[in-house]
Amino acid sequence: MMMQVVHPPEQAALLFAGWEETLLWSCLQGVMGKVYAPAGEPLRAALAVLGDFTFLAGDPRSDLAAFTPPECRRDYRLLLPQSEGWAQCIQKVYGPRARRITRYATKKDPAAFHRAHLTRLAGRLLPGDALRPIQGELYHRCLADPWSRDLVAQFSTEGDYARLGLGVAVVRQGELVAGASSYARYRTGIEIEVDTRPDCRRQGLATAASAALLLRCLDRGLYPSWDAHTPTSLALAEKLGYGFSHGYVAYEITAE
């Protein structure tokens, strides 16, 4: 079965209606990512892909669940089914390679954030640590290490990141040790990615960087969306002011 890019992507919006995921909005708005559907057929099923995330919607189809867009990694993907029918397709296609997990959505409430609280959290750094905007050399340093790549990797160039992205790094003695950044951009906001160098975790760096990024988003009128991959990430979000909305099913797909 041949797949084609849906252009303009808004044609697939009804298939994904009611799905409150900003990565999906990025795709449907044509800001980042792509939407695919079977070629030469009425538009009754589609997938939207951005980075590691693939959203499956419409009539469940095993051939669409099995499709790996050329821009996707082959060693790791996250598939998000719209329905139990899609979940069954994923399990049938990938078998033991598909690990069912729960991710955690937060409420999208622009009034949830308090500047004074965020300012206090952003200031809780160790002596010698500093917050710096991710730009120029820091953009390239994020790309240089596996732990920090996702802070900027979905933007194809430094210019694209400067135009669409937004991020804050923690620098310690000249070294990048943590950051909070836009994993992706949609028209009115960003989806947040937070990473800390493994040997520097549990020092409040992620909290400080995230609070500083939220303040920058508020200054620019952008909504900082946060979906948590783990309970630890959800706890950090709640510390910043987010409210828990619901858990949802996703599948981690790994290489054979």
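Relative to its residue count, the stretch 91-211 spans a Cα convex hull of 157 Å³ per residue. Note that the stretch 65-114 shows a convex hull volume over its alpha carbon atoms of 135 Å³ per residue.
Just need the relative contact order of the stretch 31-183 here, percent rounded to a whole number, with Cα pairs under 8 Å and 6+ apart. Relative contact order of the stretch 31-183: 14 percent. Enclosing the Cα atoms of the stretch 173-256 in their convex hull gives a volume equal to 149 cubic angstrom per residue.
Please report the spacing between the Cα centers of the stretch 15-70 and the stretch 124-153 in Å, no decimals. A separation of 31 Å, based on Cα centres. Computed over protein heavy atoms with a 1.4 Å probe, the accessible surface of the stretch 99-256 works out to 48 Å² per residue.
Per atom type, the chain shows carbon and sulfur on 52% of its accessible surface, probed at 1.4 Å.
Restricting the calculation to Cα atoms, every distinct pair contributes to the Kirkwood radius of the stretch 155-222, found to be 12.4 Å. Other residues with beta-carbon under 13 Å from the beta-carbon of Val35 carry, at +1 per Lys or Arg and -1 per Asp or Glu, a net charge of -1. Counting only residues at least eight positions apart within a chain, or on another chain, the lysines with an alpha carbon under 16 Å from that of Lys239 are Lys107, Lys108. Stokes-Einstein diffusion for the stretch 1-157, with the hydrodynamic radius set to the Kirkwood value over Cα pairs and evaluated at 4 °C in a medium of 1.567 mPa s, equals 72 µm²/s. Contact order for the chain, expressed relative to its length and based on alpha carbon pairs under 8 Å spaced 6+ residues apart, stands at 23 percent.
The values are calculated or read from the model by the stated rules, or taken from the named source; none is laboratory data. This one's a predicted model, so the numbers in the text were calculated from it and none came from an experiment. No Cβ is skipped: glycine too gets one built from the backbone with ideal geometry, and neighbour counts run over all protein chains shown. Ligands, DNA and RNA are excluded from the accessible area calculation, which covers all protein heavy atoms including side chains. Shrake-Rupley method; radii C 1.70, N 1.55, O 1.52, S 1.80 Å.
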